[in-house]
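Structure record follows, encoded as structure tokens.
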Amino acid sequence: MATTYTISDLAKEFDLTTRAIRFYEDMGLLQPQRAGPGGRSRVYSPRDRTRLKLTLRAKRLGLSLTEAKDIIDMYDSPRDTGPQLKKFLAVLAAHRKELEEQMADLVANLDEVKTHEKEARTLLAKAEKARLVS
């Protein structure tokens, strides 16, 4: 019999809330089977567990859930990994460019803060010196 997981199993393993897992399900990233009275219990397969793991990895990389889903869905297609890898590289390149732009903005902002700090220190030193003289 194949290994299956409950929503609580996955929540505990990946340190997530069950609400987060249900959100990923709503986004189409996970597709558990339903069991029990009225289909109220979710039963996750090893495939769902792997998809959740890949989703969290993509999230750590800063990819959107839509980007993650697009890439993960490609792995369900035929075994030709060329298109999958090309798509993944394109997404990573775009994300890297965005991060580099954010980094440049942060560096510029940090330089501006340093300039204002230096100016404020100079003005404070002048004010304290003038106060001591008078």
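Read-outs: derived from the displayed coordinates by stated rules, not from any lab. Worth saying up front: this structure is predicted, and the values here are computed from it rather than measured. Quick reminder, even Gly has a Cβ in these numbers, built from the backbone with ideal geometry, and neighbours come from all protein chains shown.
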Next on the checklist: Treating only the Cβ of Lys, Arg, Asp and Glu as charged (+1, +1, -1, -1), what charge dipole size does segment 61-128 show about its Cα centre? Round to the nearest 20 debye.
Outcome noted: 160 debye
Checklist entry - So how much slack lies between Glu100 and Asp9, counting 0.36 nm per residue of separation and subtracting their Cα-Cα distance, in nm? => result 29.0 nm
Checklist entry - How far apart, in nm, are the 7 Å Cα→Cβ label points at Asp76 and Val107? => result 4.2 nm
Checklist entry - Which whole-number percentage describes the relative contact order of the chain, with Cα contacts under 8 Å and a sequence gap of 6 or more? => result 15 percent
Next on the checklist: Expected output is a single nm value to one decimal: the length gained when fully extending between Ala93 and Arg121, i.e. 0.36 nm times separation in residues minus the C-alpha distance. What is it?
Outcome noted: 5.9 nm
Checklist outcome for this item: Length gained if Arg47 through Ala20 is fully extended, taking 0.36 nm per residue and subtracting the Cα-Cα distance, is 7.9 nm
Checklist entry - Is the shape of segment 12-81 best called rounded, prolate or oblate, per the rule: a/c under 1.5 gives rounded, else a/b larger than b/c gives prolate, else oblate, with a ≥ b ≥ c the square roots of the Cα gyration tensor eigenvalues? => result oblate
Next on the checklist: Can you give me the C-alpha center-to-center distance between segment 10-41 and segment 85-131, rounded to a whole angstrom?
Outcome noted: 41 Å
Next on the checklist: Given the -39500 (n - 2.57) contribution per DSSP H run of 4+ residues, what per-residue ellipticity at 222 nm results for the chain, rounded to the nearest 500 deg cm²/dmol?
Outcome noted: -24000 deg cm²/dmol
Checklist entry - What stretch of the chain, leaving out the sites themselves, is the longest with no trypsin sites (Lys or Arg not before Pro) in a DSSP loop having at most 12 other Cβ atoms within 10 Å? => result 80-134
Next on the checklist: So I have (i) 173; (ii) 134; (iii) 159, and one of them is volume of the Cα convex hull per residue in Å³ calculated from this model. Which one is it?
Outcome noted: (iii)
